[in-house]
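Read through the structure below, which is laid out as C-alpha cells, and then see the notes.
All of the numbers you see were taken from the coordinates with simple rules; none came from a lab. Since we're looking at a predicted model, the values are computed, not measured.
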Amino acid sequence: MSQTFYLTPITLTKANPTFGLRWFTPVTEVDLCGHATLAAAHFLFAYGFVKTDTIEFSTKSGILTAKRVPEAHAPNSQDDWPTGYSIELDFPVLKVAETNFADVPAVSKSLNGASVVEMIETSKSDLFVRISSGTNMDIQEGIFCSILLEKNDGILLPSGEAVVECQPQFDQIKNFPGRGIIITGPAPQGSGFDFYSRFFCPKFRINEDPVCGSAHCALAPYWRKKLAKCDFVALAASPRGGVVKVHLDEENQRVFLRGKAVAVMEGSLLV
C-alpha cells in the first residue's frame with residue numbers, strides 16, 4: 001500500500017461537509033496525495049456518510065474539493081464499475097519555470113550515464129531535465145528527467161512505450177534530495193491517451209506509486225504547452241496502472257482530476 005489516508009469530521013452541517021484529511025506513506029506524512037483523496041471521497045460517498053455531491057477537505061495543501069459527477073451509460077456499455085459516477089478532485093497547479101539547478105551527475109547516473117542537455121523546474125524545485133540518448137532504452141530524440149528537491153522528480157521520455165519499459169535504478173534514486181522521480185512521455189497515436197507517466201519513490205518505501213494523481217499538478221501545465229490543450233486523458237503506466245482524466249484551469253491555476261474507485265476490502269482497526 002503506497003499511501004493511507006486519515007479522515008476527521010470538521011463540520012457536517014453546511015452545504016459542503018468538511019473533513020480533515022492527512023496522508024501517510026509507510027514512513028512519513030506527505031502534503032498531497034491524489035489517489036488517497038479519491039479513495040477518501042469514494043468512502044464518504046459510497047457508504048452514505050455525506051448526502052451532498054461535494055466534499056471539502058482541509059489539508060496541508062489547503063482546501064481541496066471532491067465532486068461526485070454522474071455518468072450516463074449506453075444500454076450496451078461494457079463499463080462494469082459498480083458506481084454510476086466519477087469523482088472529480090480540485091487540486092492546485094504546480095508551475096514550471098527555468099532553473100539554475102546544476103546537479104547533473106546524479107541524474108545522469110540514475111539513467112545509466114545518459115547525457116543531460118537541458119533542465120527546467122517547477123515552483124517546488126521539481127526539475128525537468130532533457131538528456132540525450134545513451135541509456136539501454138531505444139531513445140533517438142532525448143529524454144526529459146525531473147528531480148524534485150522538495151517534492152518529486154520527473155522525466156519526459158520520447159514515447160509512452162519508453163515510459164512503460166523504463167527500469168529505474170531505485171538504489172540511486174534514494175540518493176536524490178527530493179522524494180522520487182516522475183517519468184512521462186507522449187502516448188502512442190491511436191491509444192486514446194495524451195501522455196503516459198510513472199512515479200518512483202523508494203525513499204518513502206514506495207518503489208512505484210501505482211497511480212500518482214498529485215504528479216498531474218505539474219504534468220498538466222507542462223503538457224498544456226506541448227500539446228496546446230487543457231483537457232487530457234492520461235495513463236499511469238505502472239503494472240497496477242490507471243486512467244486519469246485531467247482538466248487544467250489556467251485562469252484559476254487549478255488542476256481537476258477525474259477518476260473512479262471501488263472498495264475491494266473491508267476491516268476494523270483497533271487503536
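Observations, loosely collected:
- When each of Lys95/Lys260; Lys174/Lys260; Lys95/Lys226 is checked by Cα-Cα distance, pairs over 20 Å: Lys95/Lys260; Lys174/Lys260
- Computed from backbone phi with θ = phi - 60° and the Karplus coefficients 6.51, -1.76 and 1.60, the 3J(HN,Hα) list for region 252-266 is 9, 6, 10, 10, 9, 10, 10, x, 10, 9, 8, 7, 10, 7, 10 Hz; x is used for glycine and proline.
- When you work out D = kT/(6 pi eta Rh) for region 4-92 at 20 °C and 1.002 mPa s, using the Kirkwood radius from C-alpha pairs as Rh and the Stokes-Einstein form, the result is 154 µm²/s.
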